[in-house]
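Here is the structure we will look at.
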Amino acid sequence: MELTWNEFERVEMRVGTILEVTDLLEARKPAYQMVIDFGSEIGIRKTAAQITKRYMKEDLLNRQLVAVINFPKKQIGKFISDCLVLGAVGEEGDVVLLAPDFKIENGLRIA
């Protein structure tokens, strides 16, 4: 199914920097919960992601990534996720995060 241009424009993909990473103990599959800075206009958001196959917590700190910030909040156990990080999913469920090639300003919109 194809999207219209107007539908695509409604998806707010933004660049953010990971400030904190911890294990999400309530998750059925291994996952991290992350605190991400999307700049002064958007602020700090939290999310959870099943990215433990490729990433160690310490490697994620201060790393930039791309996330959708205008999805409804999702409850995962006691944790509430308010953004969705984007990544390419391999055949074995391993996720490679989408990220800018260079350090850029947090909050910039992906077009």
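Observations, loosely collected:
- Members of the stretch 89-102 found to be part of a loop (DSSP other than H, G, I, E, B) and surrounded by 11 or more Cβ atoms within 10 Å (Cβ to Cβ), listed by number: Gly90, Asp94, Leu98, Ala99, Pro100
- Per-region count, the stretch 38-57, residues free of Cβ contacts under 8 Å to residues at least 24 places away in the same chain and not polar (S, T, N, Q): 2
- Residues that are in contact with a Gly (Cβ under 9 Å, 6 or more places away or on another chain) and free of Cβ contacts under 8 Å to residues at least 60 places away in the same chain, drawn from the stretch 13-27: Leu24, Leu25, Glu26, Ala27
- The listed residues are Glu105, Glu41, and the only one of them that is part of a loop (DSSP other than H, G, I, E, B) and loosely packed, with under 14 Cβ neighbours inside 10 Å turns out to be Glu105.
- Scanning the stretch 60-71 for residues that are closer than 20 Å to Val11 by Cα and modelled with pLDDT of 95 or more turns up Gln64, Leu65, Val66, Ala67, Val68, Ile69, Asn70.
- Filtered residues of the stretch 59-86 (kept if over 24 Å from Glu105 (Cβ atoms) and either in contact (Cβ under 8 Å) with a residue 12 or more places away in the chain or of a type in the set (Phe, Trp, Tyr) (or both)): Ile76, Gly77, Lys78, Phe79, Ile80
- Of all residues in the stretch 1-12, those that are under 14 Å from Ala111 (Cβ atoms) have Cβ atoms under 8 Å from Cβ atoms of residues that are of a type in the set (A, V, I, L, M, F, W, C), 6 or more apart or on another chain, in Val11/Val68; Glu12/Val68; Glu12/Ile69.
- Evaluation of Ala111 against (1) without any contact (Cβ under 8 Å) to a residue 40 or more places away in the chain; (2) surrounded by 12 or more Cβ atoms within 10 Å (Cβ to Cβ); (3) within 12 Å of Arg14 (Cβ to Cβ) (one fails), failing number: (2)
- Subset of the stretch 51-71 (residues that are under 27 Å from Glu7 (Cα atoms) and either over 12 Å from the mean Cα position of the chain (by Cα) or in a loop (DSSP other than H, G, I, E, B) (or both)): Ile69, Asn70, Phe71
- Residue within the stretch 7-15 that is crowded, with 20+ Cβ neighbours inside 10 Å, among the charged types (D, E, K, R) and under 11 Å from the mean Cα position of the chain (by Cα) present: yes
The values are calculated or read from the model by the stated rules, or taken from the named source; none is laboratory data. Predicted model only: the values in this text are computed from it and were never measured. Backbone-built Cβ (ideal geometry, glycine too); neighbour counts: all protein chains shown.
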